[in-house]
Amino acid sequence: MKNGSGSTSRTRLAWLLAGRLLASRKRGRLLSFQGWVALGGVALGVTALVVVIGVMTGMQNELRAKILGSYPHIMIQEEGTSLRVANWERVVGLAEEVPGVVAAAPVGSTTVLVKRNDSDFLSRMDLYALDLGREGPSVTPMEDSLKAGHLPLTREPGDLPAVAVGSGLAARLGVFPGDTVTLIVVQNLRMGPNGMPHQRMEHWRVSGIVRTGMYDFDISHGYTSLPDLQRLLDMEEGTSSFVGVRVEDPWEAEAVAGPIAEALGGWPYAVQSWTVTNRQLFAALRLEKLGMALILSLIVLVAALNIAGTLATVVVNRTREIGILKAMGLTRKDTLQAFLLLGFGIGFVGTAAGMGLGITLAILIERYRLIPIPANLYFVDRLPVALSPADFVWIASLSLVVPILATIFPALRAASLEPVEAIRHG
């Protein structure tokens with residue numbers, strides 16, 4: 001009990017001494033101001049780190065959500081001259097038997113030129129086709145919307161084929177639901193009687209407008225039913241461009257892709273997960289996030305150097321007081337502990353203030369969409385912010401450890417002062 005009580009009293013003494021060391025006095029009022037500047041530097045650095053890292057995390061999450069909302073977790077393609085899956089029913093059946101697979105379905109895709117009937121303006125459209133007649137779970141959330149009839153693609157006999165176009169593409173063409181557009185096929189070109197390529201053209205009906213919130217998708221994507229696309233491209237029955245697969249956990253897609261490839265027997269089937277297909281994009285985002293973190297960490301480093309300078313000034317200006325305290329029984333350990341607690345106190349208060357301010361700014365930016373950005377340059381029309389607990393941990397650790405490390409040299413300098421010399425030259 002005595003040892004414990006003594007240890008507690010020494011800690012209290014160190015805290016009291018730390019507070020008094022940084023307090024202002026008549027001939028050293030700048031010391032307290034320097035303390036506030038050091039604390040403010042830490043708070044500013046932490047605030048910047050929280051907001052910017054939150055923005056980078058939000059951009060990653062937003063892009064991931066858009067991709068998973070429109071693309072399947074795994075794509076199965078058949079290598080060869082046609083680049084089409086010849087017997088998708090067999091592929092779907094084998095894929096659905098693999099553990100972890102929720103659903104598999106054929107998907108058709110092609111690139112066409114599209115224009116409004118009364119206009120000569122042409123635009124490229126990536127046309128995707130889904131088998132909406134299949135029962136069971138859907139491969140993508142977009143397929144759920146199409147099956148639910150939110151974007152009707154079915155048609156009565158004699159009606160024009162239906163296509164749902166992206167909102168950006170619809171605005172570019174100036175079309176609305178119910179309008180008629182002309183599709184020009186750029187695949188399977190046929191040679192005319194004069195030896196020139198003959199492009200197939202068809203009139204289609206705009207059945208709906210798709211809005212995913214991702215500019216690149218909305219400006220170029222269109223959706224239709226698989227039978228209509230098969231007829232447009234003269235594809236044989238049972239043929240699709242690829243087979244999409246949905247798994248229970250999107251992050252385990254790459255692990256599930258291997259068993260699917262084994263179930264299909266390997267070549268000529270190529271199985272790729274969404275993480276592999278978009279690997280370069282997410283790698284670039286992670287590198288950008290790391291670069292921003294390193295750059296903004298310099299703010300915390302500058303603040304730490306400011307703390308070191310503040311404490312060095314404290315040692316110079318408080319040399320006589322430190323010498324007197326040491327002559328009265330203050331130990332080297334007490335002095336060292338007092339300065340370390342001083343650095344920790346500045347770092348802790350600065351970190352807490354920076355965290356609070358950063359979280360507040362992040363919530364305001366996300367909730368009220370305070371920072372709009374041009375959608376034609378980025379894939380979103382606003383600045384998204386996502387707060388990650390893992391990011392909080394490393395930001396808080398950095399902002400606490402760096403000030404403590406910056407305190408070590410002034411603390412050792414103060415602890416090494418000899419009482420007689422400090423009183424004489426203080």
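Any read-out appearing in this document is the output of simple, stated calculations on the displayed coordinates, not a laboratory observation. Keep in mind that this is a model prediction, so the values were computed, not measured. Here the Cβ positions follow ideal geometry from the backbone for every residue, glycine too, while neighbour counts run over all protein chains shown.
For the reader, a short list of remarks on this structure follows.
- Figure legend: label point modelled 7 angstrom from the Cα of residue 401 along Cα→Cβ; residues of the range 265-307 with amide N under 20 Å from it are 289-307.
- About its Cα centre, the dipole of the range 80-266 is roughly 780 debye, where the only charges are +1 on Lys and Arg Cβ and -1 on Asp and Glu Cβ.
- Here the extension length gained between residue 317 and residue 111 equals 66.6 nm, from 0.36 nm per residue of separation less the Cα-Cα distance.
- Within the chain, longest stretch free of exposed GluC sites (Glu not before Pro) [DSSP loop, at most 16 other beta carbons within 10 Å]: 249-426
- Taking Cβ atoms as reference points and 10 Å as the exclusive limit, the residues near residue 202 contribute a net charge of +1, counting Lys and Arg as +1 and Asp and Glu as -1.
- The orientation-averaged projected area of the convex hull spanned by the Cα atoms of the chain comes to 31.7 nm².
- Each part gets one Cα centre, and for the range 35-53 versus the range 366-426 those centres are 6 Å apart.
- The long axis of helix 389-415 is offset from the longest Cα principal axis of the chain by roughly 20 degrees.
- Axis angle, to the nearest 10 degrees, between helix 30-70 and the longest C-alpha principal axis of the chain: 20 degrees.
- Antiparallel DSSP beta bridges within the range 80-266, percent to nearest 5: 75 percent
- Only the Cβ atoms of Lys and Arg (+1) and of Asp and Glu (-1) were treated as charged; on that basis the dipole of the chain about its Cα centre amounts to roughly 3740 debye.
- Dipole-positive endmost among 244, 137, 213 within the range 80-266 (Cβ charges, Cα centre): 213
- Positive-end residue, the chain charge dipole about Cα centroid, Cβ charges, pick of 340, 105, 374: 340
- Added length on full extension, which subtracts the Cα-Cα distance from 0.36 nm per residue, residue 352 to residue 12: 120.2 nm
- Among 392, 85, 183 the positive-end extreme of the charge dipole of the chain (Cβ point charges): 392
- Efficiency of FRET between residue 409 and residue 369 - r from beta-carbon atoms, R0 41 angstrom, step 0.05: 0.35
- As a ratio to 2.2 N^0.38 Å, the alpha-carbon radius of gyration for the range 294-347 is 1.38.
- A simple spin-label model places the labels of residue 295 and residue 126 2.9 nm from each other, with each point 7 Å out along Cα-to-Cβ.
- Local electrostatic count at residue 267 - Lys and Arg +1, Asp and Glu -1, tallied over other residues with Cβ under 14 Å: -3
- Only alpha carbons enter this Debye calculation for the range 80-266, each as an equal point scatterer, and the log10 of I(q)/I(0) it gives at q = 0.09, 0.10 Å⁻¹ is -0.36, -0.44.
- Cβ charges +1 (Lys, Arg) and -1 (Asp, Glu), total dipole of the range 283-352, debye: 160 debye
- Pairs of alpha carbons in the range 385-426 whose separation is greater than 13 Å (percent): 67 percent
- Gaussian network model of the chain, Cα within-10 Å springs - most flexible of 291, 45, 329: 329
- Ordering 310, 111 from the fewest to the most neighbouring beta carbons within 10 Å gives 111, 310.
- In terms of surrounding Cβ atoms within a 10 Å radius of their Cβ, 328, 214 rank from fewest to most as 328, 214.
- Taking the chain and dividing mean pair separation by its residue count, relative contact order in percent (alpha carbons under 8 Å, at least six apart): 28 percent
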